[in-house]
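Colleague: So that we are looking at the same thing, I have put the structure below in structure tokens.
What follows is calculated from the coordinates using simple rules that are stated; it is not laboratory data. Here the structure is a predicted model, which means the values were calculated and not measured. Here the Cβ is made from the backbone with ideal geometry for all residues, glycine too, and neighbour counts use every protein chain on show.
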Amino acid sequence: QIIVNLAGRQIDSTQSEQNSNQPHPLLHLLDPFCGTGVILQEALLMGYTVTGTDLEPRMVEYTEKNLAWLQEHYATTGTFVTAVGDATAYQWNPAPVLIAAETYLGQPFNTLPDPAKLEQVRSGCNLILKKFLQNVGKQIKPGTRLCLAVPAWQRQPGRFLRLPALDQLGELGYNRLSFEHVRTHVQAGVRTGVQAGDLIYARAGQIVARELLVLTKK
């Protein structure tokens with residue numbers, strides 16, 4: 001729900017009333033890494049019409065079943081569309097207006113892997129994120145807003161290995177919005193690479209953490 005809220009925008013109440021018989025375009029939300037549809041379920045409950053795509057057909061099938069169950073048991077006003085699609089190459093129609101997703105997180109780890117394995121997983125996740133941003137960037141309008149949860153790996157408590165692509169967002173055509181009231185992590189007096197305004201969350205002892213990105217297309 002937080003990811004949906006951060007991807008969403010304020011909707012002018014007067015405009016909504018004037019077009020109450022038509023779905024507002026800003027209420028259409030895309031999750032291009034939909035998995036089992038958790039984000040899409042939250043969005044439906046909040047009044048959005050949703051589209052979900054995923055590379056894995058089995059995940060799309062799970063999403064369809066979960067969303068159908070939700071509509072059967074709860075009073076949702078939006079509709080949903082799903083499709084099998086690779087987020088790094090898929091062409092969405094219509095073009096996305098709002099995007100909310102937990103991107104590919106790579107292999108789950110219960111313990112910290114050796115450096116070579118960790119770098120292999122990190123490189124794979126980084127490539128997918130870059131290719132997705134390049135692909136969707138060709139399809140969306142300037143100002144289009146995205147909220148993405150991307151992986152960060154906790155090597156020591158409060159110290160994270162992050163995706164290199166986060167330093168290339170400007171080159172990829174995006175502005176990153178900073179969070180307010182988020183303090184920089186410091187471990188033994190050494191900066192961990194997490195800047196003021198960045199947000200990473202993880203459970204105690206969790207290796208694969210999530211870093212929240214709020215982006216707008218330039």
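Colleague: Under 14 Å Cα to Cα from LYS138, which aspartates and glutamates show up? Leave out anything in the same chain fewer than 8 places away.
Modeller: GLU171
Colleague: What order do you get for 36-44, 83-91, 111-119, 207-215 when each peptide is scored by the mean count of other beta carbon atoms within 10 Å, highest first?
Modeller: By packing density, highest mean first, the sequence is 36-44, 207-215, 83-91, 111-119.
Colleague: Let me ask another. Work out the P(r) tail for the range 39-177: percent of alpha carbon pairs separated by more than 21 Å, whole number.
Modeller: 51
Colleague: Right, here's the next one. Could you give the Stokes-Einstein D for the range 48-130 in µm² per second, using the C-alpha Kirkwood radius, 37 °C, 0.692 mPa s?
Modeller: My calculation gives 216 µm²/s for D.
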